[in-house]
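**Q** The structure is given below, and queries will be raised subsequently.
The values are calculated or read from the model by the stated rules, or taken from the named source; none is laboratory data. Computed from a predicted structure; not experimentally measured. Virtual Cβ from ideal backbone geometry, glycine too; neighbours counted across all protein chains shown. To get the accessible areas, we keep the full protein, side chains included, count just its heavy atoms, and leave off ligands, DNA and RNA. Shrake-Rupley method; radii C 1.70, N 1.55, O 1.52, S 1.80 Å.
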Amino acid sequence: MPGEAEESNYLQTGRDRHAAHVAPSRAAADLVVDGTASEAEMRAAVMPLIGPALVPTPAAPSRARGCAV
């Protein structure tokens, strides 16, 4: 189990890295999901964006020719 010093270090470096990398990209994000929301609320926010990508597209007919033996 981590001690107080490790926890403090993790929280501080995590905050620094969040401020440097995650927070700036938030402005360009198509969607920001609240990780503290319920699963149903998060799913309702995400599905309109990714739902269409989950629908399988019909396969194109194969143009491959069989080999006669």
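**Q** Would you pick out the residues in segment 1-56 that are in a helix (DSSP H, G or I) and β-branched (Val, Ile, Thr)?
**A** Selection gives 13, 22, 46, 50.
**Q** Please specify each residue of segment 11-63 satisfying the condition of being among the acidic types (Asp, Glu) and either open to solvent by less than 90 Å² (accessible area, probe 1.4 Å) or in contact with a strand residue (DSSP E or B) (Cβ under 7 Å, 6 or more places away or on another chain) (or both).
**A** 16, 34
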